[in-house]
Amino acid sequence: MNIAIAVDGPAGAGKSTISKAAAERLGFLYIDTGAMYRAAALYVVEHGKDAANEDDVKLLLPEIDIDLRDGKVYLCGDDVTGKIRTPEISVASSNIAVFPCVRNKLCALQREMAKRQSVIMDGRDVGTYVLPDAEVKVFLTTSAEVRAQRRLKELQEKGIESSYDEVLSDIQYRDKNDSTRKMAPLKKADDAVELDTGNLTIDESIEALISIYKEKTNA
Ligand code: DC
């Protein structure tokens with residue numbers, strides 16, 4: 001039987017680092033839904049259009065082909081794994097994610113991926129909307145300040161210029177945008193286990209996620 005683990009939470013809570021490592025340990029496929037919104041936003045920005053303009057986005061949407069393969073993100077066949085992580089694309093992805101036409105397209109793709117094998121899928125609406133029947137649901141949290149520190153470190157390691165204030169204001173903007181949109185907002189599912197990673201190391205957070213999985217599935 002295929003198992004689905006849904007990991008949701010705000011920007012910078014550690015979802016992708018923790019989910020990717022746990023997926024490797026469990027032999028599950030890791031699906032980063034945020035990367036799909038980022039790739040869609042990149043397409044719109046690279047075509048000189050505004051990701052916050054629904055008409056522009058609607059026109060381009062049929063051309064947008066996204067694939068996640070071997071830990072990489074492909075946009076119309078091109079590897080865009082590195083390009084989607086800039087602060088500009090972070091904000092554009094949060095803007096594009098409010099449009100139902102975008103969410104419907106990406107959500108259908110995500111559900112299709114989860115049918116084929118056991119998955120850990122991370123995002124904002126996985127436990128509430130994409131996979132409401134997921135066997136395991138975890139909601140990661142921690143303060144915006146801690147998340148900004150972590151995100152800044154990640155960007156610096158990738159050689160992307162930014163400042164603490166810029167990253168914190170991006171995170172606060174996205175928290176508000178992601179949790180107040182009408183369709184599938186960022187929200188803890190009623191049956192999700194809340195995990196505050198503020199005082200946990202990455203390894204401890206991975207252990208905690210795996211313990212929740214074992215408890216819920218008697219694995
Ligand atoms: O997880 P992330 O920071 O890479 O996500 C980028 C943006 O994509 C995020 O600000 C909101 C959007 N997103 C979404 O609306 N739903 C998801 N399931 C995942 C991401």
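The values are calculated or read from the model by the stated rules, or taken from the named source; none is laboratory data. Since the model is a prediction, treat every value here as computed from it, not as a measurement. With ideal geometry, Cβ positions are generated from the backbone for all residues, glycine too; neighbour counts draw on all protein chains shown. Just the protein is used for accessible areas: all its heavy atoms, side chains included, with ligands, DNA and RNA removed. Shrake-Rupley method; radii C 1.70, N 1.55, O 1.52, S 1.80 Å.
When ASP190, ASP165, ASP203 are checked against the criterion of being open to solvent by 50 Å² or more (accessible area, probe 1.4 Å), modelled with pLDDT of 95 or more and outside any helix (DSSP H, G or I), ASP190 stands alone in meeting it. Checked against (1) away from the ligand (no atom under 13 Å from the Cβ); (2) touching a Leu at 6+ places or on another chain (Cβ under 9 Å), GLY48 passes all but a single condition, namely (2). The residues of segment 12-23 that are out of contact with any Ser or Thr (no Cβ under 7 Å at 6 or more places or on another chain) and not in a helix (DSSP H, G or I) amount to a single one, GLY12.
If the condition is being among the basic types (Lys, Arg) and within 13 Å of the ligand (Cβ to nearest atom), then segment 110-136 contributes ARG111, ARG124. On the basis of being touching a residue at least 60 places away in the same chain (Cβ under 8 Å), within 16 Å of the ligand (Cβ to nearest atom), out of contact with any helix residue (DSSP H, G or I) (no Cβ under 6 Å at 6 or more places or on another chain) and among the basic types (Lys, Arg), does ARG181 make the cut? Spelling it out, ARG181 is indeed touching a residue at least 60 places away in the same chain (Cβ under 8 Å), within 16 Å of the ligand (Cβ to nearest atom), out of contact with any helix residue (DSSP H, G or I) (no Cβ under 6 Å at 6 or more places or on another chain) and among the basic types (Lys, Arg). Number of residues in segment 143-152 that are open to solvent by 20 Å² or more (accessible area, probe 1.4 Å) and either within 16 Å of the chain's Cα centre (by Cα) or on the phi > 0 side of the Ramachandran plot (or both): the value is 2.
Do we find that ARG111 is under 19 Å from SER19 (Cα atoms) and without any contact (Cβ under 8 Å) to a residue 24 or more places away in the chain in this structure? Before the answer, list the steps.
Values: under 19 Å from SER19 (Cα atoms): yes; without any contact (Cβ under 8 Å) to a residue 24 or more places away in the chain: yes.
Criteria met by ARG111.
Per the conditions (1) in contact with a Ser or Thr (Cβ under 7 Å, 6 or more places away or on another chain); (2) at pLDDT below 95, the sole criterion not satisfied by VAL73 is (2). Among the residues of segment 96-107, is any touching an Asp or Glu at 6+ places or on another chain (Cβ under 6 Å) and within 11 Å of the ligand (Cβ to nearest atom)? So far as segment 96-107 goes, yes, one or more of its residues are touching an Asp or Glu at 6+ places or on another chain (Cβ under 6 Å) and within 11 Å of the ligand (Cβ to nearest atom).
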